[in-house]
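First the structure, in the form of structure tokens, and then the observations on it.
The values are calculated or read from the model by the stated rules, or taken from the named source; none is laboratory data. Note that the coordinates shown come from a computational prediction; the quantities given were computed from them, not determined experimentally. Methodologically, a virtual Cβ is constructed for each residue, glycine included, from the backbone with ideal geometry; neighbour enumeration extends over all protein chains shown. Accessible surface is based on the protein model in full, side chains and every heavy atom, while ligands, DNA and RNA are left aside. Shrake-Rupley method; radii C 1.70, N 1.55, O 1.52, S 1.80 Å.
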Amino acid sequence: MKEMCNEAEAYYVEFCMMSMMCSVELNIPGSIQPLIQNFEDIFQDPKGLPPQRSCDHAIVLKNGAEIPNIRPYRHPHSYKEEIEKFVKDMLRAGMIRPSVSPFSSPLILVKKKDGGWRFFVDYRALNTVIVPNKFPIPIIEELLDELGGATLFSILDLKSGYYHIRMKEEDIPKTAFRTHEGHYEYMVMSFGLTNAPSTFQALMNDVFRPYLRKFVLVFFDDILVYNIDMDTHLQH
């Protein structure tokens, strides 16, 4: 943008889904339908907390770090109603619990394209005092190099993937956030935390380790199954 202000040349490139450009409706092959029906329970919303695992998320603070305690942001009345709904649903699901932690981060609501809302805790102050880890995040270009001559692809996209990972018990108070009606803390890994992407990718790699680079690629919550023939694809 700075160069354009100085009358330099620039190019605008837009990428679109080919199926959208051609108005082609994607149909699931008939051979796939029984497979989806047999595992229909996998596509239902999970209930209760996820199991504890060796990779439960930890928050390691820098030596001498001050405890962040940020006042909640001011929200209009309509926002407060949405916040109360989110909090009620997460309490019912067991993802959060009331807190008396000295930590406190504010929350924000972000409008989605479909008119709904996304619930985020603003962990910027907390993130400045967290020790970052060095887990290597996959590079998409290198992952795509593994596809070889594959011609069949199926993708699974996890819903609210981070919520499938528990917080370490001793670090739960550090996730505390404050609303206009109370103080709460996360039992599961929240979006926006430093090192959360690394923890999630580590879990995915651990789960799929026997199959990675053979017929599965994983990039955070996207799981790609690829093959060169349908019989093998169905099995995988």
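In the context of the full set of protein chains, region 161-236 has a per residue accessible area of 43 Å² (1.4 Å probe). Scanning the chain for GluC sites (Glu not before Pro) in DSSP loops with at most 11 neighbouring Cβ atoms within 10 Å leaves 67-180 as the longest stretch between them. Taking Cα Rg over 2.2 N^0.38 Å as the quantity of interest, determine which of [x] 0.98; [y] 1.33; [z] 1.23 was computed from the displayed structure. Of the labelled values, this structure produces [z]. Exposure here means at most 16 other Cβ atoms within 10 Å; with trypsin sites (Lys or Arg not before Pro) in a DSSP loop as sites, the longest stretch of the chain lacking them is 1-46.
Rounded to the nearest 10 degrees, the angle from helix 77-93 to the longest Cα principal axis of the chain is 70 degrees. Estimated from helices alone, the mean residue ellipticity of the chain at 222 nm is -6500 deg cm²/dmol (sum of -39500 (n - 2.57) over DSSP H runs with n ≥ 4, per residue). Derived scalar couplings between HN and Hα for region 170-180 equal 6, 9, 4, x, 6, 8, 4, 9, 10, 10, 5 Hz in order, rounded to whole Hz, by the Karplus curve 6.51 cos²θ - 1.76 cosθ + 1.60 (θ = phi - 60°), x for Gly and Pro.
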